[in-house]
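Before any comments, here is the structure.
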Amino acid sequence: MGFGIAHLEEPAYSEFELRVEQAEMGIASGPALVFLVDGEDLFGRTLGLKGVGRDPDDLLGRTSPLLPPESPHQPPTTLLWRCDCGVEGCGFASARIENDRFNNDYDHIVWTDFTVHCLGDVEPPRELRFRTRQYVAEIVRCHADRTWETDLRRIAREVAAALDAEPGILGQWDCGLRWAKPHERAGQVYVLVTDGSAEYSTSHDGAAGAAEIISRLRATDPRESAEHTYPRPG
């Protein structure tokens with residue numbers, strides 16, 4: 001009696017694309033990341049959800065939550081779409097993003113466990129599956145394309161990149177970076193740092209440029225110059 005070799009049929013997969021658009025959010029406007037699946041806006045058109053995409057740098061920045069973690073444990077869900085009031089968590093769409101093994105390789109990335117909250121009465125897909133190489137290449141491409149970026153946002157990004165590259169700048173004050181973000185109307189770059197017990201926010205004139213902001217952080221403890229302090233829950 002012979003035994004045949006079973007051949008697994010490769011699952012169907014979709015093309016993944018990212019686009020940055022200007023969106024109205026509350027009383028302001030800003031860039032929003034749009035997900036195109038097989039060429040169509042997944043949340044705004046295919047599912048017909050209200051709301052807007054998230055800030056591109058929240059999803060494409062220093063540690064992109066669109067990339068599955070290397071940990072063998074089940075990853076948390078990722079917020080992908082939000083209410084157009086601009087407040088994340090008011091209404092949202094989220095999914096769990098995981099690697100999926102095929103033929104002994106992590107050949108696919110899968111979006112599953114979709115949740116839609118307060119953005120429309122729709123039935124989300126059970127799962128979406130993308131080829132890993134094409135998916136990762138699109139994230140890298142979109143992150144590198146900064147044609148949508150304002151000068152102030154570029155300066156904030158350069159500040160964050162410099163502090164990441166040289167952690168000792170904040171480390172000498174026993175602090176680490178949470179984020180650096182622009183405030184377009186005020187022309188300011190806000191920098192949020194933490195020492196583990198609290199978070200400290202400082203504002204910097206964007207016209208001074210990234211090098212001057214870094215020089216100030218190098219010379220002055222941001223906890224002493226903070227305009228706002230937020231204690232961490234104990």
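The values are calculated or read from the model by the stated rules, or taken from the named source; none is laboratory data. These numbers were taken from a predicted model, which means no experiment stands behind them. With ideal geometry, Cβ positions are generated from the backbone for all residues, glycine too; neighbour counts draw on all protein chains shown. Side chains are part of the model used for accessible areas, which takes the heavy atoms of the whole protein and leaves out ligands, DNA and RNA. Shrake-Rupley method; radii C 1.70, N 1.55, O 1.52, S 1.80 Å.
Hey, what's the Kirkwood Rh for segment 133-218 if you take every pair of different alpha carbons, in angstrom?
On the way: mean 1/r = 0.0724 Å⁻¹.
That comes to 13.8 Å for segment 133-218.
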**Asked** Could you list, bin by bin from short to long, the percent of Cα-Cα pairs of segment 46-86 in 5 Å steps?
**Response** 6, 20, 23, 20, 18, 9, 5, 0
**Request:** Return the carbon/sulfur percentage of the accessible area of the chain, one whole number, probe 1.4 Å, all protein chains in place.
**Result:** 49
**Asked** Which GluC sites (Glu not before Pro) in segment 21-71 pass both tests, a DSSP loop state and at most 15 other beta-carbon atoms within 10 Å?
**Response** Glu70
**Prompt:** Any idea what the alpha-carbon Rg over 2.2 N^0.38 Å comes to for the chain?
**Reply:** 1.19
**Prompt:** Does anyone have the angle between helix 151-165 and the longest principal axis of the chain? Alpha-carbon axes, 0 to 90°, nearest 10?
**Reply:** 90
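Kindly report the accessible area of the chain per residue (heavy atoms of protein chains, probe 1.4 Å, no ligands, DNA or RNA), in Å². Please report the intermediate quantities before stating the final value.
Values: 13160 Å² over 234 residues.
That works out to 56 Å² for each residue.
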**Request:** Compute the semi-axes of the equivalent ellipsoid of segment 85-181, taking the square root of 5 times each eigenvalue of the Cα gyration tensor, and list them largest first in whole Å.
**Result:** 32, 21, 16
**Message:** Above 18 Å lies some portion of the pair distances; for segment 51-137, what is it as a whole percent of all C-alpha pairs?
**Reply:** 48
